[in-house]
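Encoded as structure tokens, the structure appears first; notes follow it.
Each value in this text was obtained by applying a stated rule to the coordinates, not by laboratory testing. All values derive from a computational prediction rather than experimental measurement. So basically every Cβ, Gly included, is an ideal-geometry build from the backbone, and we count neighbours across all protein chains shown.
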Amino acid sequence: MHAMLLTGFGGPEHLRHTEVPVPTLEDDEVLIRVRAAATNRVEIDIRRGLSGLGPPLPLVMGPDGAGEAVAVGVAVKDIVVGDHVLPHTMVSCGRCENCQRGRDNVCRRIRILGSTMWGCHAEYVVAPAHRVVKLPPELPFEVMAAGNKFCTAWEALAVTAGLRAGEVVLINAAAGGVGSCAVQVARHLGARVIAAVGSAAKIDQVRANGADEVIDYGTTDLLERVRSLTDGRGVDVGLDIAGGALFHPTLQSVTDGGRLALIGAHAGKMIEIDLTDLFRRHVAVMGCGRWTKAISQHVVGLLAAGALKPTIFKTMTLAALNEAHALMSDRTVNGRIVLLP
Ligand SMILES: [Zn+2]
């Protein structure tokens with residue numbers, strides 16, 4: 001099969017479009033012909049050797065993809081050949097105590113598609129049947145591949161932060177992959193959405209995506225602006241996607257007794273925190289970002305109903321993954337890049 005194979009850590013020259021054997025199928029697994037995959041920023045970290053996941057090489061990356069079941073193991077009951085399916089990004093074991101409690105996103109033996117096992121940047125991918133989500137046939141594969149990131153945003157806002165209708169949420173890095181999904185999810189949940197972006201060029205895009213207010217923190221004091229937009233009260237929920245220098249203004253924007261969901265650290269992962277501020281103001285700081293199979297099933301329904309709509313920036317062939325990475329690196333990409341094997 002054709003695949004984009006990562007053979008070493010570093011620049012895009014380590015990604016090669018090549019032929020590899022079709023993966024073999026265990027009794028409880030499904031062989032999926034990938035019909036659409038999407039690029040993900042995590043791939044750039046993996047390629048550079050910075051992901052902290054220590055992936056085995058060679059590796060087929062690609063946490064996000066959708067396709068058709070073309071073969072099933074003898075023990076597989078729920079999936080049949082021809083089903084449209086999504087291999088779940090978080091390949092949990094199904095047996096540990098967390099899996100048994102429905103917390104499969106924090107499985108103790110979790111594997112990550114495209115990071116610690118071969119993913120969707122290939123003609124075929126194999127997944128255990130219990131991690132395969134069925135898709136309605138009318139849902140386009142590209143929409144599912146690009147829309148998989150809504151699961152991250154749903155987990156962060158609806159589940160971890162418990163965002164409710166009528167609450168106010170601040171989303172920083174709101175123009176990025178997770179951020180743009182989070183804006184739509186927050187809108188869908190009925191919240192008032194304050195979005196923060198790093199440049200004026202992104203304001204219109206984020207407003208069109210459903211944000212009620214957009215703050216350009218490149219030219220405006222984020223905390224001051226949030227306070228003025230909320231009559232000094234602050235937001236119920238902060239979603240920190242960037243970390244680094246954005247963490248403190250995002251945390252300070254959260255009202256007393258509010259919640260801060262933390263989902264990324266591309267802007268810096270080491271910061272100092274005044275712990276007294278956290279406990280005196282009763283602010284809950286929560287890590288999040290990995291989602292359960294139940295969340296995927298819910299998001300599939302919302303995508304099929306058109307309630308959430310991914311922005312597809314460009315559709316390219318799988319062989320052009322290097323080019324897609326170059327586009328992602330210069331940060332001009334608005335939305336997802338879809339790859340067709
Ligand atoms: Zn488990």
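Please compute P(r) over all alpha-carbon pairs of region 3-65, binned at 10 Å starting from zero, and give each bin as a whole-number percent.
Spelled out per bin, shortest first, that is 19, 49, 29, 3.
Quick one: grab the alpha carbon gyration tensor of region 151-287, order the square roots of its eigenvalues as a ≥ b ≥ c, and give me rounded if a/c is under 1.5, else prolate or oblate depending on whether a/b is larger than b/c.
Values: a/c = 1.31, a/b = 1.19, b/c = 1.10.
Rounded is the answer for region 151-287, as its axis ratio a/c remains below 1.5.
Normalized C-alpha radius of gyration of the chain, against 2.2 N^0.38 Å?
0.99
How many angstrom separate the Cα center of region 12-69 from the Cα center of region 218-297?
Result: 32 Å between the Cα centres.
Can you give me the angle between helix 293-304 and the longest principal axis of the chain, using Cα atoms only, in degrees from 0 to 90, rounded to the nearest 10?
The angle comes out near 80 degrees.
Excluding residue 11 itself, calculate the net charge of residues whose Cβ lies under 14 Å from the Cβ of residue 11, where each Lys or Arg counts +1 and each Asp or Glu counts -1. Walk me through the intermediate numbers first.
On the way: positive: 16, 47, 48; negative: 13, 43, 45, 323.
Residues near residue 11 contribute -1 overall.
What residues have an amide H closer than 5 Å to that of residue 254, excluding those fewer than 5 places away on the same chain, when H is modeled at 1.01 Å from N in the peptide plane?
Amide H neighbours of residue 254, under 5 Å, 5+ apart: 235.
Would you mind ranking 112, 337, 194 so that the residue whose beta carbon has the fewest other beta carbons within 10 Å leads the list?
Ascending number of Cβ neighbours within 10 Å: 112, 337, 194.
For residue 316, what residues show an amide H to amide H distance below 5 Å, using hydrogens built from the backbone and excluding near sequence neighbours?
338, 339, 340
Under a Cβ-Cβ cut-off of 12 Å, what is the net charge of the residues other than residue 81 that fall near it, where Lys and Arg count +1 and Asp and Glu count -1?
-1
Once you order the gyration tensor axes a ≥ b ≥ c over the Cα atoms, which shape class does region 104-184 get: rounded for a/c under 1.5, otherwise prolate or oblate by comparing a/b with b/c?
Numbers: a/c = 1.98, a/b = 1.60, b/c = 1.24.
Here region 104-184 falls in the prolate category.
Only counting other Cβ atoms within 10 Å, I'd like 86, 303, 31 sorted with the fewest neighbours first.
In order of increasing Cβ crowding within 10 Å: 31, 303, 86.
Enumerate the calculated ³J(HN,Hα) couplings along region 120-129 in order (Karplus 6.51 cos²θ - 1.76 cosθ + 1.60, θ = phi - 60°), each rounded to whole Hz, writing x wherever the residue is Gly or Pro.
Ordered by residue, 3J(HN,Hα) equals 9, 7, 7, 5, 9, 9, 10, 9, x, 4 Hz.
I'd like to compare 99-106, 137-144: which one has the highest average count of other Cβ atoms within 10 Å, and what's the full order after that? Before the final figure, lay out the partial values.
On the way: 99-106: 16.1, 137-144: 18.4.
Per-residue mean Cβ counts within 10 Å order the peptides as 137-144, 99-106.
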